[in-house]
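K.L.:
Next up is a structure, given as structure tokens.
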Amino acid sequence: MTENQDLKRYFEKSSLIPAIVVDEKTKEVLMLAYMNEESLSLTLKTGYTWFWSRSRQELWNKGATSGHVQKVKRIMADCDDDTLLVIVEQTGVACHTGSYSCFFKEIWRDDHE
């Protein structure tokens, strides 16, 4: 994995950038987390996801404890460089609840089609 030398551009608006994590095979959205410049740099260097925990105020390597790691296949920035799309090969589940995706609580559906 090659490192983008100009990471600062992603942090001009804020010290944290949202990172939407998607399963490479299923295309399912697995989670939303936040990256700071250091966690993005670690992700690029290691090839595995690193995030900034807003609640614990520390870096965390996804799956380092559980073994449910995310091998990065591709990272894309949106048109404004203020959101990242991280395409991963997911090992195990992505959610700390044990669910494959963090998005399993349906709150509305249009069944009138």
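K.L.:
Note down all Cβ pairs under 9 Å where the first residue falls in the stretch 37-63 and is modelled with pLDDT under 95, the second is open to solvent by 50 Å² or more (accessible area, probe 1.4 Å) and among the hydrophobic types (A, V, I, L, M, F, W, C), and they're at least six residues apart or on different chains.
P.N.:
Qualifying pairs under 9 Å: none.
K.L.:
Grab the strands (runs of 3 or more DSSP E) fully contained in the chain, keeping just those with 1 or more residues being aromatic (Phe, Trp, Tyr). Spell out how you get there, then give the answer.
P.N.:
Working: elements: 17-23, 29-35, 50-53, 58-61, 70-77, 84-90.
Once the strands (runs of 3 or more DSSP E) in the chain are filtered for at least 1 residues that are aromatic (Phe, Trp, Tyr), what remains is 29-35, 50-53, 58-61.
K.L.:
Looking only at residues that are within 30 Å of Glu12 (Cα to Cα) and aliphatic (A, V, I, L, M) in the stretch 79-113, which one is surrounded by the most Cβ atoms within 10 Å (Cβ to Cβ)?
P.N.:
Among residues in the stretch 79-113 that are within 30 Å of Glu12 (Cα to Cα) and aliphatic (A, V, I, L, M), the one surrounded by the most Cβ atoms within 10 Å (Cβ to Cβ) is Ala94.
The values are calculated or read from the model by the stated rules, or taken from the named source; none is laboratory data. As the structure is a computational prediction, the values presented were derived from the model and not from experiment. Don't worry about glycine lacking a Cβ; one is built from the backbone with ideal geometry, like all the others, and counts go over all protein chains shown. Accessible surface areas use protein heavy atoms only, side chains included; no ligands, DNA or RNA. Shrake-Rupley method; radii C 1.70, N 1.55, O 1.52, S 1.80 Å.
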